[in-house]
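The values are calculated or read from the model by the stated rules, or taken from the named source; none is laboratory data. What you see is a predicted model; the values in this text were computed from it and never measured. As a convention, Cβ positions derive from the backbone with ideal geometry for all residues, glycine included, and neighbour counts pool all protein chains shown. SASA here: full protein model, heavy atoms, side chains in, ligands and nucleic acids out. Shrake-Rupley method; radii C 1.70, N 1.55, O 1.52, S 1.80 Å.
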Amino acid sequence: ELPSERDLAVLINLVRQGKLSVAETRARSLVKDFPNHSLGWKVLGLVLFRKGKLSEALAACRSAIQINSLDAEVFNVSGSILVALKEHAEAEFYFKRATELNPSFIQAYHNLGNLFLIRGKFERATTNYRAAITLDPKNPQGYNNLGNACGNQDKTEDAKACYVKAIKLSSGSTESYNNLANILKQTGDQKGALRNYRRSVSLSLLFYHAYN
């Protein structure tokens, strides 16, 4: 027996709407009634992760994997939980598995790149950011992340080019303006650095006033 499509749709919509407490209650009920249904465990794991219940979230994701070991999304969520738990070596395994199961999984490549950046493995971070950019060349965050990896390898010109590309793709990216300013300051372009710092601050103020 399987849960109804309606019940699954309601649960997924609750997660999308950010109604996590209601979603948690429904997901727990779902896995109780249908313990061999992997999607219920996966959604429960995601909800618990977003609520900061990391150990429970990881256990739920592992239950999902036991039922369906070919679901790239649950491996990606598991990796993110493990990063939050500072279990970096195990997180690497899960992110890699997600990309193996789905070689077009853009977010998994970003997550793997971010993990390598945290661990100081900058060349491997670069490889994964480039993979993400190849799959999604219009995503400014990919270029911003790649710029960070290049900057950490003292590849200042490459980093600069990445931040400029990120800004061209999203002129409202305060992070990219700030990162570009940092690189320009390092290379002695004080005027360029100041100009981009000011742009970053002005955008930050615009967003602050827009949402307050």
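Observations, loosely collected:
- Whole-Hz couplings from phi, Karplus 6.51/-1.76/1.60, listed for segment 89-104; x for Gly and Pro: 5, 5, 4, 4, 4, 5, 5, 4, 5, 4, 6, 5, 6, 9, x, 9
- Computed about the Cα centre, the dipole magnitude for the chain is approximately 720 debye when only Lys and Arg (+1) and Asp and Glu (-1) carry charge, each at its Cβ.
- Cross-link table Lys96/Lys138; Lys96/Lys155; Lys53/Lys96; Lys42/Lys96; Lys51/Lys138; Lys51/Lys121, entries beyond 21 Å C-alpha to C-alpha: Lys96/Lys138; Lys96/Lys155; Lys53/Lys96; Lys51/Lys138; Lys51/Lys121
- Probe 1.4 Å, accessible area per residue of the chain, Å²: 55 Å²
- Among Ile67, Asn196, Ala23 the positive-end extreme of the charge dipole of the chain (Cβ point charges): Asn196
- The helix-only estimate of mean residue ellipticity at 222 nm for the chain, built from DSSP H runs of length n ≥ 4 each weighted as -39500 (n - 2.57), is -25500 deg cm²/dmol after division by the residue total.
- Loop-located trypsin sites (Lys or Arg not before Pro) in segment 135-212 whose Cβ has at most 13 other Cβ within 10 Å (DSSP): Lys138
- Residues of type aspartates and glutamates that Lys32 reaches as a straight line, Cα spacing below 18 Å, ignoring anything fewer than 8 places off in the same chain: Glu1, Glu5, Asp7, Glu24, Glu56
- Taking amide H as placed 1.01 Å from N in the peptide plane, Ser170 has no amide H partner under 5 Å among residues 5 or more places away or on another chain.
- Shape class for segment 127-204: oblate, because the ratio a/c of the largest to smallest gyration tensor axis (alpha-carbon atoms, square roots of eigenvalues) is 1.5 or more and b/c is at least a/b.
- Over segment 50-157, Cα pairs under 8 Å with separation of 6+ residues give a relative contact order of 17 percent.
- A simple count of charges around Cys162, restricted to other residues whose Cβ falls under 13 Å of its Cβ and scoring Lys, Arg +1 and Asp, Glu -1, yields +2.
- Among residues other than Cys150 with Cβ under 11 Å from its Cβ, the summed charge is -1 (Lys and Arg +1, Asp and Glu -1).
- Applying the criteria of a DSSP loop state and at most 11 other Cβ atoms within 10 Å to the trypsin sites (Lys or Arg not before Pro) of segment 27-88 yields Lys86.
- Integer Hz, Karplus 6.51/-1.76/1.60 couplings in order for segment 178-184, x for Gly and Pro: 5, 5, 5, 4, 4, 5, 4
- Rounded to the nearest 10 square angstrom, Phe49 shows an accessible area of 60 square angstrom against a 1.4 Å probe.
- Rounded Å value of the spacing that divides the Cα centres of segment 1-69 and segment 82-101: 20 Å
- Whole-number percent relative contact order across the chain, with pairs defined as alpha carbons under 8 Å at least 6 apart: 9 percent
- Carbon and sulfur %, accessible surface of segment 109-156 computed with the full protein complex present, 1.4 Å: 47 percent
- Whether segment 29-81 is rounded, prolate or oblate, judged on the alpha carbon gyration tensor where a/c under 1.5 counts as rounded: oblate
- Near Ser63: Cβ cut-off under 13 Å, other residues only, Lys/Arg at +1 and Asp/Glu at -1. The net charge is +2.
- R0 of 35 Å, Cβ-Cβ distance Phe93-Thr134: FRET efficiency to nearest 0.05: 0.95
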